[in-house]
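Data block below; observations after.
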Ligand SMILES: [Mg+2]
């Protein structure tokens, strides 16, 4: 049975008629899906939505027929690791703006991030950033999860099937990493809060520019030879990454931030002209290039600014809000 069919066959009960259900809900096996209902997920389905949504989170107004999509990177774009009073106020103003204007503007708002769903929700919950977007495309766009009024947490099964049939293999990644090690390129596995199904990430420690370029060329060459999608970007120490290192992410070829942006536009019958995207680092650049309105926030890395010249006047949420208020 496929993941999707096992999910669709999930059992639904009215709350209150199943004491066992309440204890399962508390243990995180059941997911609240609307007023008075819970849904039992199969264990395989639960892996996608294991980070449960609790009462701290609020939902944006529903958007069944979006006219625009706004895509935001999470770390250091929507979410400022520097929790200064100024950044906090900008965050509150952006949340208020989205809540008030989505119904009239027709904006579908989502996060596109290299982090896992669990990491994003943990960061948001831990910093009282409680407004859930309409969707989160996590793990570098290899998973998409929707949050709406009727179903609290709904994976995109079409996208997941596309990842499953991509030919991506973690065993192929492991073999390639070993081959790189034998050639003197030592990749260190990145810590994971949850093991992503279709992404394997490493750090490459930077040494000298010439040596780094040789190592990166070899990584690109072997990834292509093994039919693996690859993302390389400079680590951002402000987001907790090691100084002077590179993020090396292996993903399915038909994934990545830009592919997920194109997929979601297509699914909603929209075009590049109907989309805004915001980011701050090298791995955001492809996403900014495939929409008509792509912006780096003012606090973006120098690496990113060298690759994209449309930059907001304000940093973080303040920059996003500045662009949206001017456009809508
Ligand atoms: Mg970022």
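Coordinate-derived values only; no laboratory data. Please read these numbers as outputs of a predicted model, since none were measured by experiment. Quick reminder, even Gly has a Cβ in these numbers, built from the backbone with ideal geometry, and neighbours come from all protein chains shown.
Points worth noting:
- Convex hull of the range 199-238 built on C-alpha atoms - directionally averaged projected area, nm²: 3.3
- Counting only DSSP beta bridges with both residues in the range 191-328, the antiparallel share comes to about 70 percent.
- Extended-chain gain in nm, criterion 0.36 nm per residue less alpha-carbon gap, residue 170 and residue 210: 11.5 nm
- Rg and Dmax [Cα atoms of the range 170-328; Å; Rg one decimal, Dmax integer]: 17.1, 54
- Residue exposure sequence - 72, 102 - by fewest surrounding Cβ within 10 Å: 102, 72
- Order by protection proxy (mean Cβ within 10 Å, highest first), peptides 260-271, 299-310: 260-271, 299-310
- Convex hull projection area averaged over all views, the range 70-188, Cα basis, nm²: 9.9
- Taking packing as the residue-averaged number of other Cβ atoms within 10 angstrom, the listed peptides 107-116, 165-174, 182-191, 199-208 run from highest to lowest as 107-116, 199-208, 165-174, 182-191.
- Given in Å, the Rg to one decimal and the Dmax to the nearest whole number for the Cα atoms of the range 170-251 are 12.2, 34.
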